[in-house]
Amino acid sequence: MINYMKSEYYRLLRKKSLHLTAILCYMLIAFAAAVLYYFGEYETNFPYATDQFFYSNVTAAGLVIIIIGLLYNMALTGKDRSLIKQSISFGISRSIIFWSKLILTLGYFLLVCVIGMCLMLLLGDSLLTHEPEALRNFLIVSVNMIPIVLSGFFLGHTLKMLKVGDVYIIIVMLLIFAILGDLLRFLLRPFAALDEVYKYAPDTLLNDNLMSFVNGTPQLGIQYWIVGLILSMAALLIGARMFAKQNID
């Protein structure tokens, strides 16, 4: 497994598109901070040159972060099916292939996220007006976002490994992480025992997390971790089992 991961690691490092994506994300973060700083300095009564507003943009971008994670998934699970077939023919088990690609892409994605968050905290602290408890609240909502974002990453990895088309993956992501809550609220409204289920949909949780940050009342919530863990375990366990039986052409 170690040798296979090393070869995949070297392939990952040679993916220029990944590095360019990370640089672009950092540039957008810096650009957003610079725009807020500029208008805060030169526009009278500009209300948005605050660290709280700056951080809220990330808190509102849960789905965007998940889609970015999907781009990293594609690095080792995209147009390289022939390489997977070769690895299997050389005796590498499907389990090793599935989990090795996950570990490597996840590690790279987490590193990009950590650097991006550190950049945000640095810019928010040095350029923008400080709102009371903004940093503390941002860290709380970020912790709440982690399991939901990771569940999206794991689902994306599974779908890519199972050769699901990119368009269909995007549809699935939008369904689960953008409209599932509203859909469940509409469908289950007639059933009194189930009319609260929509509150535990990923998109509802992300929206509640954002609103709690905007209102200055965020709290660490176990529900984020329960839902994220259920989605993650279901995606990975079912995906690994299906990939073990899939025909590799």
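Quick notes on this structure:
- Options I146, I171; residue that is closer than 27 Å to L119 by Cα and open to solvent by 10 Å² or more (accessible area, probe 1.4 Å): I146
- Pairing each residue of region 84-105 that is on the phi > 0 side of the Ramachandran plot with any residue that is modelled with pLDDT under 85, provided the two are 6+ apart or on different chains, yields no C-beta distance under 7 Å.
- Among the conditions (1) at positive phi; (2) touching a Lys or Arg at 6+ places or on another chain (Cβ under 9 Å), the only one that L205 does not satisfy is (1).
- Qualifying residues in region 33-58 (those that are among the acidic types (D, E) and surrounded by fewer than 17 Cβ atoms within 10 Å (Cβ to Cβ)) - the one farthest from Y9 (Cα to Cα): E43
- Filter result (open to solvent by 60 Å² or more (accessible area, probe 1.4 Å) and touching a residue at least 60 places away in the same chain (Cβ under 8 Å)) within region 186-225: V214, Q219, L220, W225
- Test: residue in region 226-243 that is open to solvent by 60 Å² or more (accessible area, probe 1.4 Å), in contact (Cβ under 8 Å) with a residue 24 or more places away in the chain and more than 30 Å from S100 (Cα to Cα): no
- Residue in region 179-202 that is in contact with a Lys or Arg (Cβ under 9 Å, 6 or more places away or on another chain), modelled with pLDDT of 90 or more and closer than 30 Å to S93 by Cβ present: no
- If you go through region 105-129 and keep only what is of a type in the set (S, T, Y), part of a helix (DSSP H, G or I) and open to solvent by 50 Å² or more (accessible area, probe 1.4 Å), you end up with just S126.
- Within region 144-158, residues that are at pLDDT 95 or above reach no partner that is of a type in the set (D, E, K, R) and crowded, with 24+ Cβ neighbours inside 10 Å with beta carbons closer than 7 Å at six or more positions or on different chains.
- Any hit, region 59-69, residues being more than 24 Å from the chain's Cα centre (by Cα) and open to solvent by less than 50 Å² (accessible area, probe 1.4 Å): no
The values are calculated or read from the model by the stated rules, or taken from the named source; none is laboratory data. Owing to the predicted nature of the structure, the values given are computational and were not obtained by experimental measurement. Every residue, glycine as well, gets a Cβ built from its backbone with ideal geometry; the counts of neighbours run over all protein chains shown. Note: accessible area is taken over every heavy atom of the protein model, side chains too, but ligands, DNA and RNA are not part of it. Shrake-Rupley method; radii C 1.70, N 1.55, O 1.52, S 1.80 Å.
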